[in-house]
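I have a structure here, written as structure tokens, and I will follow up with some questions on it.
The values are calculated or read from the model by the stated rules, or taken from the named source; none is laboratory data. Just so it is clear, the model here is predicted, and its values are computed rather than measured. As a convention, Cβ positions derive from the backbone with ideal geometry for all residues, glycine included, and neighbour counts pool all protein chains shown.
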């Protein structure tokens, strides 16, 4: 779970500052900047469909990072992340409808979701582990029920219309333009999270996860950090939900069910608990998984396997099964996720051909 | 009129409550024996009910054989699940174990939807009369059977844990794995067995609910409804699970009564147990009969 388990030997750091830098070498900094620049050029070359996938990875990745801060860094578990994501979407649509400019509405929606998250995170101050899992399960059902009931807020079963994203009259609707909005939020929030983890608060969260009794004795306020983790996670979920709402232009209760919450959990398990980059890797995996199954089913169309299994009707179930199977397989065979695999690959090349 | 409606609903609540109690017991059995919170309990009901339904409709097997076969099948299924999926995770952090059971839950729910479709399928008629009148109230004979079966299961559990050798061994394992092991009890077998029994008994509950409401993926919702019941009763108390189940069952139906008579919010009875759950967690997280965790360093 820890971030630096696989530091190759000979890689010494002689000061705390060196130990805590955001970018360990100049090369990583250069790679990150180059990655962002390349991404910024993506809408110019890629097809609209691929850009839409990238946007999807962007906002889902933000939400997954939020959940990873809660689960991976502070060691609590939430089975209700989708409703916070949904709450952010509805809140932003609601604010935009009442005259708040959309960019501001997204941020306010994040803060509003934070408040709601803190409300449900209050049990976190008292209970932990599986009790918390069950409390968030209850939050999932209660908020889902609230969305259906509160027609003034969510538009009831018909859903709420979210205004398009505009800054000073410049319209950001359409995949190629909205991409930059998501990219900005994405970069800011990811760097923010990586930065948080090297601050005092971030280290306190990790201490609470690793051994809460010791952490408490070291003077870490457990209640404060547990609820804070809930708040941060809800903030990320809220922003992600708001980005989604303004992208689609519409937010509805449908799809905010427990399966979606579990998909977020699957993302961070696959990516690697307690890894900022893992959240992104897991999201990419989960976004591409349905594409893959779709392509696979398309390739098998009309063949004997297709006839026997009714692939066409069963494809949605097949995807759900895959989500379940992937969670189980990763937890049994690769509990540290893709991020761990990535670190192993890096360490391998760094020391090639002598692996010690 | 309204008071008789209330009475009818309370009786319904007790009947549903005994079923919650049975599923709750299965849940607690797994938790007590192997410290695993099983989010896939509802899927045990689902798979058991579909097995029985399939045997009865596709192969025209008489109910009693189909019923017994599905119990046996679920026993094996539970054992296999523990050995293949849960055993590698012994000693892993609790979050991983919870998430594996969640993964199992989605996997099997989707598999069942794929195999049998999303629509509720009615069981072939089993009882000669659909309804029986008791004390001036109409009670479906399936409900009557469900209560009978539930009470039998509860009595069976009580006997099993009080007198049978395996039951005692299981209690010893729950009390302390080290001590149990030093007395020659195979902890691995006990873990697997607890899953087997839990799955088999859940299948009974699944078949019973299936007879009343038809078999559909809604059955797995029982596995989630059981959380308020077991938290109320205390996670590690089998007796508490029964009491909690009864209370939640009645609470649901009383909420339904108030909703239909006064509030007209609609759908209240589905959501009330979760509000109750949050309140219990805030006030008394270890439930009515659960043991408080005392942590020593």
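From the residues in region A:246-261 that are part of a helix (DSSP H, G or I) and surrounded by fewer than 24 Cβ atoms within 10 Å (Cβ to Cβ), which one is modelled with the highest pLDDT? Break it down stepwise before answering.
Within region A:246-261, the first condition is being part of a helix (DSSP H, G or I), and the residues that meet it are A:246-248, A:258-261.
Checking the rest, the ones that are also surrounded by fewer than 24 Cβ atoms within 10 Å (Cβ to Cβ) come to A:248, A:258-260.
Values: A:248: 86, A:258: 86, A:259: 86, A:260: 89.
So, considering only residues that are part of a helix (DSSP H, G or I) and surrounded by fewer than 24 Cβ atoms within 10 Å (Cβ to Cβ), the one modelled with the highest pLDDT is A:260.
A follow-up question, please. Just name the residue that is farthest from the other protein chains (Cβ to nearest Cβ) out of those in region A:323-352 that are over 20 Å from residue B:89 (Cα atoms) and crowded, with 18+ Cβ neighbours inside 10 Å.
A:343
Based on what the data block shows, is residue A:75 surrounded by 24 or more Cβ atoms within 10 Å (Cβ to Cβ), at positive phi and assigned by TED's automatic domain parsing to the domain that holds residue A:249?
It is true that residue A:75 is surrounded by 24 or more Cβ atoms within 10 Å (Cβ to Cβ), at positive phi and assigned by TED's automatic domain parsing to the domain that holds residue A:249.
Here is a list: B:226, B:207, B:212, B:230. Which entry is surrounded by fewer than 24 Cβ atoms within 10 Å (Cβ to Cβ) and either under 23 Å from residue A:122 (Cβ atoms) or touching a helix residue (DSSP H, G or I) at 6+ places or on another chain (Cβ under 7 Å) (or both)?
B:212
Right, here's the next one. Please go through region A:159-170 and pick out each residue that is over 15 Å from residue A:89 (Cβ atoms) and touching a residue at least 12 places away in the same chain (Cβ under 8 Å).
Correct list: A:166, A:167.
To keep it simple, each residue is scored yes or no on (1) touching a helix residue (DSSP H, G or I) at 6+ places or on another chain (Cβ under 6 Å); (2) modelled with pLDDT of 90 or more; (3) surrounded by 24 or more Cβ atoms within 10 Å (Cβ to Cβ); (4) assigned to a helix (DSSP H, G or I).
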| site | (1), (2), (3), (4) |
| --- | --- |
| A:202 | yes, no, no, yes |
| A:208 | yes, no, yes, yes |
| A:214 | no, no, no, yes |
| A:223 | yes, no, no, yes |
| A:227 | yes, no, no, yes |
| A:233 | yes, yes, yes, yes |
| A:238 | yes, yes, yes, yes |
| A:242 | yes, yes, yes, yes |
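Then there is this: Could you tell me whether any residue of region B:232-253 is within 13 Å of chain A (Cβ to nearest Cβ), more than 20 Å from residue B:14 (Cα to Cα) and part of a helix (DSSP H, G or I)?
Scanning region B:232-253 turns up no residue that is within 13 Å of chain A (Cβ to nearest Cβ), more than 20 Å from residue B:14 (Cα to Cα) and part of a helix (DSSP H, G or I).
Being more than 14 Å from chain A (Cβ to nearest Cβ), surrounded by fewer than 15 Cβ atoms within 10 Å (Cβ to Cβ) and in a helix (DSSP H, G or I): is that true of residue B:72 here?
yes
At least 1 residues that are surrounded by fewer than 17 Cβ atoms within 10 Å (Cβ to Cβ) and modelled with pLDDT of 85 or more in each: list the helices (runs of 4 or more DSSP H) lying fully within region B:83-197 that qualify.
B:141-162, B:165-175, B:177-182
Please go through region B:256-276 and give me each residue that is farther than 30 Å from residue B:174 by Cα and at pLDDT 85 or above, ordered by number.
Within region B:256-276, the first condition is being farther than 30 Å from residue B:174 by Cα, and the residues that meet it are B:256-272, B:275.
The answer is B:272, B:275.
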